[in-house]
Structure formats: C-alpha cells, structure tokens
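Visitor: One structure is given below, represented as structure tokens, and several questions about it will come after.
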Amino acid sequence: MAQRKSKKTNSNKTDCSRTGMTLIDLNRCFNEHLFYTQGRLPLSATLNDHYMAAAYTVRDRLLHRWVCTVRDFIREGVKVVGYLSAEFLLGPHLGNNMINLDIFDEVREASENVGRNLDAMLDHEEEPGLGNGGLGRLAACYLDSLATLEIPAIGYGIRYEFGIFDQEIRDGWQVEKTDKWLRLGNPWEIPRPEVTYEVKFGGHTAGYCDDGGCYRSRWTPDRVVRGIAYDTPILGYKVNTCNMLRLWKAEAVESFDFASFNVGNYYGAVHEKVYSENISKVLYPNDEQIQGKQLRLEQQYFFVSCSLQDMIRLHLAIGKSLEYFHEEFAIQLNDTHPSVAVAELMRLLVDEHHMDWDTAWHVTRNVFGYTNHTLLPEALERWPLRLFANLLPRHLEIIFEINRRFLDEVRVIYPDDEARIARLSLIDEQGERYVRMANLACVGSRAINGVAKLHTELLKTTVLKDFYELWPEKFSNKTNGVTPRRWMVLSNPGLTRLIRSRIGGGWIKKLDRLKRLESYAGDDAFRREWQAVKTGNKQALAALILERTGISVNPDSMFDIQVKRIHEYKRQHLNVLHVVTLYNRLRRNPGLDMLPRTVIFGGKAAPSYYMAKLIIKLINSVADVVNHDPAVRNRLKVVFFPDFNVKSAQKIYPAADLSEQISTAGKEASGTGNMKFSMNGALTIGTLDGANVEIREEVGADNFFLFGLTAEEVARIKSEGYDPRSIYLSNPDLREAIDLIGSGFFSRGDPDLFKPLVDSLLYQDEYMLLADYQSYVDCQDRVSEAYRDRDRWTRMAILNVARMGKFSSDRAIREYCREIWRVSPNTVEMEDFGDLVR
Ligand code: 4GP
C-alpha cells in the first residue's frame, strides 16, 4: 500500500504526517489535527471536529504543493493569468481536493478508523456560495482546469461574509435566509493580514505640476478602506500545481476613531469600521435592482483595485519594469463586473507610477480580455454618471480621456456617423447620463469573447455589433466547459467506476477519450450495469427529496429535471404547462397508460424578481394538487427541490434521465448545467439555444430531443408582430392548461394569485412560451415513447456521455491560453523541505 501511494505523487516520503500520502501518514495527521488543532480526544470529538481534522489533513497536502508552486512563480518568472471575477461559486472543497490528491479511498478509511463516516463529513461542509449561478460556477470550473493544466493563475474576487442566500420554501413561496457559511470557521482559507492595500473612495481631484513639469491629477479621497487577502489553495487533478484564489475582505483603515472615542462617542467611533466592512458583507443576487446600487460599484472597485495593486506588487517583486506588465500577466474580466479595472490600471500606472499615458494605454489594452456572459439588455451594466463621479472622480476623468481619444479614432474611420459614435461612446448621453461598462471593457481589452458559438454570433450582430465592425479581429468564441473532476468523478462515483472498468481513467484529464465508450453502447452487459448505476443514483436522490420535501418519489419513474436560476427566459413555466397538460390528460382519461414521470425543479429566484417568485409558487401549487390527487396514481409527481446549490447539484445531475434546457432561443448565452446533465447520462430536451446547439452537434441529432423556434425565427416573428392570444385561442390543450391555472384550481379557488403570470403569457409572452408550446409537448411525447424502450434510451445515454469530450473546461481553458492569454504550462516539481515539514 505504502509503496503504491508513494508512486502516485512526487512526494516519496512515507514517514511524514504532514505531507505523506500513505494511510498511516493520513491516520496520524488526522489524529494530530484532532488533538492539536481542534483540541479534542477522539471520544469527545463532534462531527465538526472530525470534519475540521479531515480538512486540515487534506489542506496540509495542498499547502506542500502550493509552496512549491509559489516558489516557481518567483523563480521562473512565468506568465500568470489573473482571473478577475465578482463571483466564484466553488462548492464544497473536501471531496474535490481528495479527488485531486488521489487520496479519496485512504481518507475514507482514515475517517472510518475514527468511527466517522466520510459521507457524513462531506455532507457537513458548508459550501462557499460566493456566486449567483452560471458565471460564478464557470469561474470555479476554470480555476480547476487552470491548475490541472499546470497554468500559473490567481483567481481574484471578494470574500463575501454572506454568500448567495439560502432558500426556504414556506407555503410554496421562496423565503430568503442569510447564508452564514463562515459560522463554523473555514479551514480552506489562509488569512494574509500582511497582504493589504488601501482603496480610496469619493473626494475630489486637483491638477498639479510634478517636479519634471508634467501636468498630473491628484485625487484626495474622502474615505479609505483596507482590503485584506484571504487565500484558498486550488489544486489541479493529480498534478503538483496548486494555484490560489485570493479573496479580499474589507476593513476600516483605523478600526476606531480615537477622537470620537475619547469624547465618549463609542458608536461614532466604530461607525467607520462598520461602514467599511459593509463592502465585503454580502453578495448581491443578480437582480434588476442592482443597477444604481452604490455599494455594488464600491464592491467592484474595491476588489479590482486590491487585485491590480497586488499584481503590480508581484510584478515589481521579480524586478521587471511596469512597461512589461502585460508580458507577465494576462487579466481576464469575467463579465463587466470588474471592468472598472481598465480605468484603475490607467490610474495606477499614470498617477501612482508616473508612466506616460500612451505607454500606460498600451499596457492596459494588451493585458485585458473581456468575456461577455449575457445578451439580456437588463444585465448590461451602466452606472449613473453622477453616482460614478461621486464615488470615483478620478476614474471618471480617466474614462473621459479614454473616450475622447477613442472617439477621435472612430471619427476618422466613420466621419459624420454621429449615431454610431453615440452608440460606441463610453458615455450614454440619451437622457440621464451613464457610464457604459461593456463599452469600457471592449475599448480596454485586446480580446472579447462570447461563451458559445451562437452567443458569440449574436454578440457580433446585436449588442456589440458596432465594436465588432470596428475591431473584428478582437472577437472570438470560447464555448464554455465544466470540470469532469467535480461533475463526474466526485458527483458520480458509480458511473466513474463503471467507465474506468472499461476504458481506464485517462478521460478524467482528456475528456475526448470518453469516445471509447461508444463501442460499449451496443453491449448488453454494459448497458445493464449502466442502468444499475442510474437507478442507484435515482434512489439516493429520492431519499434526499423525501428528507427535504416530505415527497416520496418512485425511482422507477422517469426523472425529468430542470435545475437552474428561475427566470422567465429559462421558461420553467413552459415545463409547468407541460405538467398541467399531462395532468389534464389523466383527468380526462383516468385509465391512461402514461409513462410515470417525476418532474423535478430547483433554483433560486432573485429576491425582488416578482414573476420568478410567482413561478416557484406555481410549481409548488401544481405539485400540491397533482401529488395529492388519487386519480393520478403516482403516474405524475412534481417536486420543487429547495435551496439548489453546488452540493445538491452533485446529487441531482447524476440522477437525471431527462435534462430540461428549454430557454427561448437566443436568450441563454451558453448554459453549463446542460453539459453536466449530459455528462452524467441524461438526455436533453432543448431548444437551439446557447451551447445546446453544440451539444446536439456533438451527440448527434438522433440522441437529442429538439423542439421550438430558432433564434432567427424568434427575432423574425417578434419583428412581424407576435400575437400569443391567437395561439391560445386556436390550441385547445394549451387553452385548457392556461385556463386551469387561471381559474384558481391550483390556488385554492383564488383566480387572482396566478393572474399576473397568465396575463403576461396571454398579452405579452415576451419569451414566446405559447409559440413553442405544441412543439414542446409533441417532443415530450417522443421522449416518453423513447424512454419506454429502456435499451434504446440507455444506448442514447451512453452515446451522450461518450461524445461530451468537447465540454470539458480543460478544452475551454486550453483555447483561452492559446488564443487570448498566450500562456503556457509550468510543471511544478515537488521539493522535500527536509526538517521544515517533518
Ligand atoms: C450566465 C449565462 O446566463 C449562462 O448561459 C452561461 O452559461 C454562464 O453565464 C457562464 O458563461 N450568466 C450569468 C450572469 O450567470 O450573471 O450573467
């Protein structure tokens, strides 16, 4: 055993409890942490003590690799990726790190040796929910792939004290609860009180002449906040590269205002502390109400400024001049949230490091890349000019100067095209003036990308059309991907074992190798084993559903699942219309031979998004009626799984038979849940939207249930005048479903409850549910038909998994590295630090 383990890693020591990888080392380390870190004897240790001891045991191994990685950062002078993101939706660390260290079985044994079940410990971990959904989870997958591909990288973000709210369901409604993820401590982070930067806000600017006679601007702020670094190690899969995620916590520069304190004003004295700490207090749910929230802009500027100051410090530490900053760092802007970085880097270079404007602009324009994640107009950030000027007066001056120079260039290319110039301007001047963050990101970056082929094409022809016409060479597509480590190996151990038994484990790093599974699709024995794995996963989910909701579901029914944020464009209510249609069929014909289905929903609604919350209430109301109607006889069950997050997602994706990806074509930028479902052997029912298009291309049209209008058709019908009411009037099944909802049947006789939803469908139907209804229902009938032939279904599922290679985040990161960041891997050699680590 010891022999085998020492081969697995570069750490060939077998006698070191802090770095060794044998069961003996791990056992010893675990007990030491229980005793010396938690201060417990095994007999008195709680589940939390055991979890902490396991976490520290694993963390010791990460830190060993981290130290070696950092040593290379400095020694090699390698180019580093700085990934700036306001969100990192990491999910629990323990299991993932055990997978990446390849010590899962050993830690399981070590925990059993102290009488603790590993699953209970994994379950105990609070996940850092530092993100809303897709964009934040993508950032987490990308960190995993960067480390796995041995690319030196630092993720930069905010250490929110409260992450995305916890969702409870009360009387069918969503209720938001504060996410207190730090309550029991966080063993995965290392505070760095010595790595701090000051961030200024407000005040005014004044011009002055420096010693060399140069005109400069001096910013006198009215408030200064300190950012403190908290580092989380991010280890790659079976490599020694351990990158870091550096999150900033805001603190007051002086915790107490002694002047106030001395005159007895205690509350006045702590005011600044409380005020400053607010900045990293809470993650904003991505809500329409965000626009105009000063604290949100403060958060963005706060983490961007700390991160850029940190990168500049690291750059100067290796003895290089700042003129070469863009050769040592590639900085990615994860959406527009960090795009104030363009102005801040200019400020740091010009004002603080006294670089001339042109050189600074050259560096800035060459260091940034910008990823756009959404076409929804309400999500395109813009800040009222007044608010921006009050908070960041110097940055506004810089933005004006960038804009002046930029528009001069544009005028040369498009003389007299004032309309185009107005559209390209960094400042929106129609009515109240705004700073347009997407425009700032485009002007300040050397590369701009969308996140799926269709999305990138739509970017070029709609929201960023003018920029595309100006700089076509800056644009490229980088279709999203997800990490198979978390989303297959960790979430679906049964499937992983089965796949390994046939084609080995090479696919975990080279997902294309799953192709080799294709030849097993026709193998009876393999298909049976495959079905057994799926059934096991469904039984586990059924148990969890019972525990969380009290609803008992039948694992032999088809698990038809839609989990994602609740939004009208994602059309959870189209799924509900299908459920009601099935229910109507059963009411009409109680003896109907219907394929039993369990329709499972999950997802959070932004707290101020009324329609999304009403959709949750509708799902629960329909569930209540359908699940209790004896006439249904368990042929249809509806579940709303509360508090969908990374942890529960790991149990949900592997249990799905059918994946619902039913957004209005042209609205979902990419989607990544669609990839996770498919990798776990679910078949997709979907529209030609986002990455669905490419998933279908890969798995083959025969293995994908397609329905609905295309993005082009959506646009055309809209422009010709869309009339949802005429569809309602001409389709009896649709009318029956909508009328049943409108009648109060699902709302204890109250016809008003769902009226806003019904009216919005009948009179606007912005997301064209009615136009796609019949096509969706027909497609669902084909799904049921296909599922009845279990062998055929399983064959299709195997082919789906076999052909998902493209959707590994490793592929996506390789493309970013090659085409945007121009960085290459650096193999980290382990070093035995002698007595230092014994
Ligand atoms: C999401 C997009 O809605 C989703 O389609 C995409 O897969 C994901 O980003 C990652 O690229 N956008 C957001 C957001 O999460 O906040 O805009």
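Visitor: Given a Förster distance of 30 Å, report the FRET efficiency between Asn113 and Leu182 from their Cβ-Cβ distance, rounded to the nearest 0.05.
Guide: Result of the calculation: an efficiency of 0.55.
Visitor: Now for a different question. Counting only protein heavy atoms and using a 1.4 Å probe, what share of the accessible area of the chain belongs to carbon plus sulfur, as a whole percent?
Guide: It is 50 percent, rounded to a whole number.
Visitor: Under the classification rounded if a/c is under 1.5, otherwise prolate if a/b is larger than b/c and oblate if not, where does the stretch 574-715 fall, given a ≥ b ≥ c as square roots of the Cα gyration tensor eigenvalues?
Guide: The shape class here is prolate.
Visitor: I've got another one for you. Show the residues, 5+ positions off or on another chain, whose built amide H is closer than 5 Å to the amide H of Ala153.
Guide: The list, which skips near neighbours in sequence, is Val81, Met244.
Visitor: Follow-up question, since we're still on this one. Using only C-alpha positions, report the orientation-averaged shadow area of the convex hull of the stretch 484-818, nm², one decimal.
Guide: 17.2
Visitor: Kindly write out, for the stretch 48-62 in residue order, the coupling ³J(HN,Hα) from the Karplus curve 6.51 cos²θ - 1.76 cosθ + 1.60 (θ = phi - 60°), rounded to whole Hz, with x marking Gly and Pro.
Guide: These are the phi-based 3J(HN,Hα) values: 5, 4, 5, 4, 4, 4, 5, 4, 5, 4, 5, 4, 3, 5, 5 Hz.
Visitor: Right, something else. Find the relative contact order for the stretch 484-818 and round it to a whole percent, using C-alpha pairs within less than 8 Å whose residues are 6+ positions apart.
Guide: Relative contact order here is 22 percent.
Visitor: How many angstrom lie between the Cα centre of the stretch 195-216 and the Cα centre of the stretch 730-806?
Guide: 59
Visitor: Name the residues whose placed amide hydrogens come within less than 5 Å of the amide hydrogen of Arg223, ignoring near sequence neighbours (fewer than 5 apart) on the same chain.
Guide: For Arg223, whose amide H was placed from the backbone, the distant partners under 5 Å are Phe201.
Visitor: Treating cross-link reach as a plain straight distance, find the aspartates and glutamates whose alpha-carbon is under 14 Å from the alpha-carbon of Lys177, omitting any fewer than eight places away in the same chain.
Guide: List returned: Glu161, Asp166, Glu168, Asp643.
Visitor: Let me ask you something else. Quick one: which residues, 5+ away or cross-chain, put their amide H under 5 Å from the amide H of Arg433? H built at 1.01 Å from N.
Guide: Leu385
Visitor: Same structure, new question: Count neighbours as other Cβ atoms within 10 Å of each site's Cβ, and list the trypsin sites (Lys or Arg not before Pro) in the stretch 35-130 that are DSSP loop with at most 13 such neighbours.
Guide: none
Visitor: Once you have the Cα-Cα distance between Asp417 and Ala715, take 0.36 nm times their residue separation minus that, and quote the gain in nm to one decimal.
Guide: 104.6 nm is the gain from fully extending Asp417 to Ala715.
Visitor: Hey, which of these cross-link pairs are over 28 Å Cα-Cα: Lys534/Lys604; Lys474/Lys718; Lys570/Lys755?
Guide: Lys474/Lys718
Visitor: Would you kindly state how much longer the chain becomes between Arg75 and Asn48 on full extension, computed as 0.36 nm times their sequence separation minus their alpha carbon distance, in nm to one decimal?
Guide: 5.8 nm
Visitor: Here's a follow-up. Please state the shape class of the chain: rounded when a/c is under 1.5, otherwise prolate if a/b exceeds b/c and oblate if not, all from the C-alpha gyration tensor.
Guide: Oblate, because a/c is 1.5 or more while a/b does not exceed b/c.
Visitor: Counting other Cβ atoms within 10 Å of each Cβ, which chymotrypsin sites (Phe, Trp or Tyr not before Pro) in the stretch 144-208 have at most 11 and sit in a DSSP loop?
Guide: Within the stretch 144-208, no chymotrypsin sites (Phe, Trp or Tyr not before Pro) qualify (loop, at most 11 other Cβ atoms within 10 Å).
Visitor: Separate question: Can you grab the distance from the C-alpha centre of the stretch 552-625 to the C-alpha centre of the stretch 416-482, Å, no decimals?
Guide: Centre-to-centre distance over Cα atoms comes out at 37 Å.
Visitor: Another question about this same structure. Can you pull the one-decimal nm distance between simple spin-label points at Asn584 and Asn366, each 7 Å off the Cα toward Cβ?
Guide: About 6.4 nm separates the two model spin labels.
Visitor: Using the heavy atoms of the protein chains and a 1.4 angstrom probe, tell me the accessible area per residue for the stretch 484-818 in square angstrom.
Guide: On a per-residue basis, the stretch 484-818 sits at 35 Å².
Visitor: Now for a different question. Round to the nearest 0.05 the FRET efficiency obtained for Ala701 and Asp287 when R0 = 35 Å and r is the Cβ-Cβ distance.
Guide: So the FRET efficiency works out to roughly 0.40.
Visitor: Same structure, new question: For the stretch 353-459, just say rounded, prolate or oblate: build the C-alpha gyration tensor, square-root its eigenvalues into a ≥ b ≥ c, call rounded for a/c under 1.5, and beyond that prolate if a/b exceeds b/c, oblate if not.
Guide: It comes out rounded by the Cα gyration axes.
Visitor: Just for the chain, what percent of DSSP beta bridges are antiparallel, to the closest 5?
Guide: Bridges in the chain that DSSP calls antiparallel: roughly 45 percent.
Visitor: Hey, another quick one. State the extension gain, in nm to one decimal, for the chain segment bounded by Glu194 and Ser519, taking 0.36 nm per residue of separation less the distance between their alpha-carbons.
Guide: Full extension of this stretch gives 111.3 nm more.
Visitor: Then there is this: Determine the order of Asp72, Asp416, Asp358, Asp750 by accessible area, beginning with the largest, at a probe radius of 1.4 Å.
Guide: Sorted descending by solvent-accessible area, the residues read Asp416, Asp358, Asp750, Asp72.
Visitor: Another question, if that's okay. Each label point is 7 Å from the Cα along the Cα-to-Cβ direction; what then is the distance between the points at Asp408 and His354, in nm?
Guide: Here the answer is 2.5 nm between the modelled labels.
Visitor: According to a simple spin-label model (label point 7 Å from Cα along Cα-to-Cβ), what is the distance in nm between Arg386 and Arg735?
Guide: With each label point 7 Å from Cα toward Cβ, the separation is 5.2 nm.
The values are calculated or read from the model by the stated rules, or taken from the named source; none is laboratory data. This structure is a prediction, so every number in the text was calculated from the model and none was measured. In this analysis, Cβ positions are derived from the backbone assuming ideal geometry, glycine residues included, and neighbour counts consider all displayed protein chains. For the accessible areas, the whole protein counts, side chains as well, though only heavy atoms, and no ligand, DNA or RNA atoms are used. Shrake-Rupley method; radii C 1.70, N 1.55, O 1.52, S 1.80 Å.
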